[in-house]
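Shown next, in structure tokens, is the structure this report addresses.
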Amino acid sequence: MQSTTHNLTFVVDSLYEQFIKQTKPSVTDIHPLTTTKSGLRDFNITKLWRIVAATICIVGLVGGLILAITLQSSNEPHADVPVVPIGPSTPTDDSLLNLDYESLVELYNATNGQYWHNNDGWVTNNNVCSWHGVTCATFNDRVDELNLASNNLTGYLPANISNLVFLRILTLSNNSIQGTIPNNIVNLKPLKKINLNYNMIEGTIPVNMGEMPNLHVLYLKNNQISGRIPYSLAESKAISDLDLAYNMMGGGIPDFTSNTIHFLDLSNNRFWGDIPLFSSTISHLYLAKNRIIGPTWKLQSLPQIEVLNLDGNQLEGEFRLTESQHRQLSMLNIANNSFTSIATDGIQHWKKNILCDATGNNFACPLDPNLIQKCYISCK
């Protein structure tokens, strides 16, 4: 900048000196003996044009100097004007898309993506919507669904999966994912379905997972999850399908009366105590292979029940359902308990193809012929 200014100043000074020389009259021009009227007229006209030409040159060069200084200054940062970086802190569309990109790359690294069965597109280009298993919403190009089921994912779920703030469906079932469910996954408010069935996930379910306002389906079957069922899940207004079967969960089962749940599978865990109260909307209830002791009369408040599996608990006494329940049943399994009798009024309304197993109880012989005809059963 200083060299440019110096050079332009030198040019202006040189032209100014030439201007002085050109406009200063010589001795001959002003000698009184040689000066005539015509000579003075010639001197005035000639010198006038020289002055005008020199002035134009000087003005032009001064303007050019000012313009050069202005342009040079605009290209140099000023100490008192902060430079705003373009990055995650700047609310641009690109920065929001980068959140999805960074979250997916972290998932790729955390689950050993180089060994996936299919990793087409992953980390080889910036368009995450073209990556295998990734679906983006059409209105904003943000990640809407992630389906990497049966794809040889190992490792763990990274915490920044919660940055996929437009994610609605997460399907990572049938893999070998270890570790725990990140607590901040509950920040994904649009999430409607989580399927982590058949992995090796440990730890407990986040206590506030039931507070996710749009979570309708939660599948965590066949993992190594321990602890109790969070009350937030039992009280969730959104949940409709909950599968926690084949884990290591325990404690009492909370009441599921505050929601509109339809499908609940708590089989093959370590739950104990009485059968809780369930929502009248439930149609599929699996409580098999636990340590539940009854009473079973609470089950009569389930008008929409179609599938009921109580196999392998510690239930006893008489088993009874209402007539309307008998009409809707398509599967009934009360095997391997300590029932002593089964009420037969209503079994005439059973569907022809009903699946029924009542073996392994303490029923006394003889048994109702209709029951023997429609159900696997034994007596003593």
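The values are calculated or read from the model by the stated rules, or taken from the named source; none is laboratory data. This structure is a prediction, so every number in the text was calculated from the model and none was measured. No Cβ is skipped: glycine too gets one built from the backbone with ideal geometry, and neighbour counts run over all protein chains shown.
For region 174-191, the count of residues that are of a type in the set (Lys, Arg), touching a residue at least 24 places away in the same chain (Cβ under 8 Å) and crowded, with 16+ Cβ neighbours inside 10 Å is zero.
The condition of being surrounded by 14 or more Cβ atoms within 10 Å (Cβ to Cβ) and modelled with pLDDT under 95 holds for only one of Asp368, Asp345, that being Asp368. When region 114-133 is filtered for residues that are polar (S, T, N, Q) and in a loop (DSSP other than H, G, I, E, B), the ones remaining, listed by number, are Asn118, Asn119, Thr124, Asn125, Asn126, Asn127. From Leu332, Leu302, Leu277, grab the single residue that is surrounded by fewer than 21 Cβ atoms within 10 Å (Cβ to Cβ), in the same structural domain as Cys379 (by TED's automatic domain parsing), more than 28 Å from Asn199 (Cα to Cα) and of a type in the set (A, V, I, L, M, F, W, C). Testing whether each residue is surrounded by fewer than 21 Cβ atoms within 10 Å (Cβ to Cβ), in the same structural domain as Cys379 (by TED's automatic domain parsing), more than 28 Å from Asn199 (Cα to Cα) and of a type in the set (A, V, I, L, M, F, W, C) leaves just Leu277. Screening Gly121 with (1) in contact with a Leu (Cβ under 7 Å, 6 or more places away or on another chain); (2) without any contact (Cβ under 8 Å) to a residue 40 or more places away in the chain; (3) on the phi > 0 side of the Ramachandran plot gives one miss only, at (1). Kindly provide the set of residues from region 317-340 that are among the acidic types (Asp, Glu) and not in a strand (DSSP E or B), ordered by number. Within region 317-340, just Glu323 meets the criteria.
Return yes or no: is Ala245 touching a His at 6+ places or on another chain (Cβ under 8 Å), outside any strand (DSSP E or B) and not assigned by TED's automatic domain parsing to the domain that holds Lys193? So Ala245 fails the test.
From the set of residues in region 281-309 that are in a loop (DSSP other than H, G, I, E, B) and farther than 21 Å from Lys352 by Cα, which is modelled with the lowest pLDDT? By that ranking, first place goes to Pro295.
Any residue that is of a type outside the set (Val, Ile, Thr), surrounded by fewer than 19 Cβ atoms within 10 Å (Cβ to Cβ), touching a Gly at 6+ places or on another chain (Cβ under 8 Å) and outside the structural domain of Leu285 (by TED's automatic domain parsing) - is there at least one of those in region 232-241? No, that holds for no residue.
Only a single item in (1) at pLDDT 55 or above; (2) closer than 26 Å to Ile185 by Cα is not met by Thr55, and it is number (2).
Looking at Asn313, Asn259, Asn214, Asn268, just one residue is modelled with pLDDT under 95, in a loop (DSSP other than H, G, I, E, B) and outside the structural domain of Gln178 (by TED's automatic domain parsing), and that residue is Asn259. Annotation note: Cβ proximity below 9 Å between a residue of region 356-380 that is closer than 14 Å to Gly346 by Cα and in contact (Cβ under 8 Å) with a residue 40 or more places away in the chain and a residue that is among the aliphatic types (A, V, I, L, M) and surrounded by fewer than 14 Cβ atoms within 10 Å (Cβ to Cβ) (sequence gap 6+ or interchain) occurs for no pair. The requirement of being in a helix (DSSP H, G or I) and either hydrophobic (A, V, I, L, M, F, W, C) or out of contact with any Cys (no Cβ under 9 Å at 6 or more places or on another chain) (or both) is not satisfied by Asn197. Under the condition of being touching a Leu at 6+ places or on another chain (Cβ under 9 Å) and not aromatic (Phe, Trp, Tyr), the residues counted in region 212-232 number 10.
A quick yes/no check of all residues on (1) crowded, with 17+ Cβ neighbours inside 10 Å; (2) in contact (Cβ under 8 Å) with a residue 60 or more places away in the chain; (3) in contact with a helix residue (DSSP H, G or I) (Cβ under 9 Å, 6 or more places away or on another chain); (4) closer than 18 Å to Asn313 by Cα:
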| residue | (1), (2), (3), (4) |
| --- | --- |
| Asn197 | yes, no, no, no |
| Val207 | no, no, yes, no |
| Asn223 | yes, no, no, no |
| Pro230 | yes, no, yes, no |
| Asp265 | yes, no, no, yes |
| Ser283 | yes, no, yes, no |
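Flag: Asn208 does not match the condition of being closer than 25 Å to Gln325 by Cα and under 25 Å from the mean Cα position of the chain (by Cα). Here Asn140 fulfils each of the conditions (1) under 24 Å from His216 (Cβ atoms); (2) surrounded by 15 or more Cβ atoms within 10 Å (Cβ to Cβ); (3) polar (S, T, N, Q) apart from (2). Summed over region 348-361, residues that are modelled with pLDDT under 95 and part of a loop (DSSP other than H, G, I, E, B) total 5.
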